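The values are calculated or read from the model by the stated rules, or taken from the named source; none is laboratory data. Computed from a predicted structure; not experimentally measured. Quick reminder, even Gly has a Cβ in these numbers, built from the backbone with ideal geometry, and neighbours come from all protein chains shown.
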Amino acid sequence: MAEKLKQASSRGSGNADRQPAAAGLPLPRHIAIIMDGNGRWAVSRGKGRTAGHRAGIESVKAVLRAALDLGLPELTLYAFSTENWKRPRTEVSFLMRLLRSYLAAQRAKMIRDGVRLGVLGDVAGLPAPVRQELDRTLEATAGGRRLLVNLALNYGSREEIARAARLAAADVAAGRLAPDAITAEELERRLYTAGHPDPDLVIRTAGEMRMSNFLLWQSSYAEFWVTPVLWPDFRREHLEEALADFGRRQRRFGGLPDSDE
Ligand code: IPE
Ligand code: IPE
Ligand code: MG
């Protein structure tokens, strides 16, 4: 992994003397990003909030490119929360249209790059045209083996956990599961992320120190990295900065550091 990062970084991005930010350090298996600050980015430029969402697409592309180059296996992007429906109708419908056009425009490139798309969230609650574009992309990219990109869409951790409890309750009612058998593992198997590794690193842009209902269960032992950089300004160098910081952290998972064992 570290070797991969070294290789990728030495390939560089046109800046010959730039040192690899995290060479030799462990890479996260799964990175989750709370892409925040689109509105602030736009307003600070005297533009409408939607201009910020549009600009944020360039950051998504840059981060996918970097993830591919660095050999990161899995990336989850928080794109629309269960609470984001509270926003003005015009903003919500702009976001839905943007998502559709992004998927349609990037599908062929995703396939070429070996990207597989995944979705986390209550997809049934999304507008039909969005669902259609999602289904097409999920199917078309199903063979992607280099990078799994999960879009968290109409996603909220509370909804996800309540849903897992409902599914378990239905299994109990049907006699397939004993109440005593409802363990953390059984609930995990009913989360949208079933079968995925927990995120090792959660990145949030735009400075806010909160989770906003994102991967609450899965992030129990994730490392957090918050940057004041607004999402539309986020580029490869910021991801590398986060990776370098992550690589230096000592994770204990409630145990003791290796050296003390
Ligand atoms: C994040 O940017 C994008 C979504 C939540 C869809 P915001 O739209 O939340 O931007 P700010 O936080 O208002 O600046
Ligand atoms: C979190 O950002 C949701 C996404 C990035 C999709 P928000 O902007 O919705 O979060 P709050 O409202 O600041 O907590
Ligand atoms: Mg925000």
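Taken residue by residue, region 225-241 has no member that is in contact with a strand residue (DSSP E or B) (Cβ under 9 Å, 6 or more places away or on another chain) and under 27 Å from Arg189 (Cβ atoms).
When you check Ala142 against the structure, is it surrounded by fewer than 16 Cβ atoms within 10 Å (Cβ to Cβ), touching a residue at least 12 places away in the same chain (Cβ under 8 Å) and either closer than 29 Å to Arg163 by Cα or among the aliphatic types (A, V, I, L, M) (or both), yes or no? Considered against the rule, which asks whether it is surrounded by fewer than 16 Cβ atoms within 10 Å (Cβ to Cβ), touching a residue at least 12 places away in the same chain (Cβ under 8 Å) and either closer than 29 Å to Arg163 by Cα or among the aliphatic types (A, V, I, L, M) (or both), Ala142 comes out as yes. Collect the residues in region 178-199 that are crowded, with 20+ Cβ neighbours inside 10 Å and touching a helix residue (DSSP H, G or I) at 6+ places or on another chain (Cβ under 7 Å), keeping them in residue-number order. Passing the criteria: only Tyr192.
Quick check on region 34-85: of everything there that is surrounded by fewer than 20 Cβ atoms within 10 Å (Cβ to Cβ) and β-branched (Val, Ile, Thr), which residue is farthest from Leu216 (Cα to Cα)? So the residue we want is Val43. Filtering Phe253, Phe246 for residues that are hydrophobic (A, V, I, L, M, F, W, C) and not in a loop (DSSP other than H, G, I, E, B) leaves a single hit, Phe246. Among the residues in region 70-89, are any closer than 30 Å to Leu25 by Cβ, in a helix (DSSP H, G or I), away from ligand 1 (no atom under 16 Å from the Cβ) and at pLDDT 95 or above? Yes - at least one qualifying residue is present in region 70-89. Restricting the first member to region 200-213 and to residues that are under 19 Å from Gly156 (Cβ atoms) and within 11 Å of ligand 1 (Cβ to nearest atom), and the second to residues that are of a type in the set (A, V, I, L, M) and part of a strand (DSSP E or B), the beta-carbon pairs closer than 6 Å and six or more apart or on different chains are Arg204/Ile34; Arg204/Val226. Hey, among Phe214, Phe224, which residue is within 16 Å of ligand 3 (Cβ to nearest atom) and within 17 Å of the chain's Cα centre (by Cα)? Step by step, each of Phe214, Phe224 is checked, and only Phe214 is within 16 Å of ligand 3 (Cβ to nearest atom) and within 17 Å of the chain's Cα centre (by Cα).
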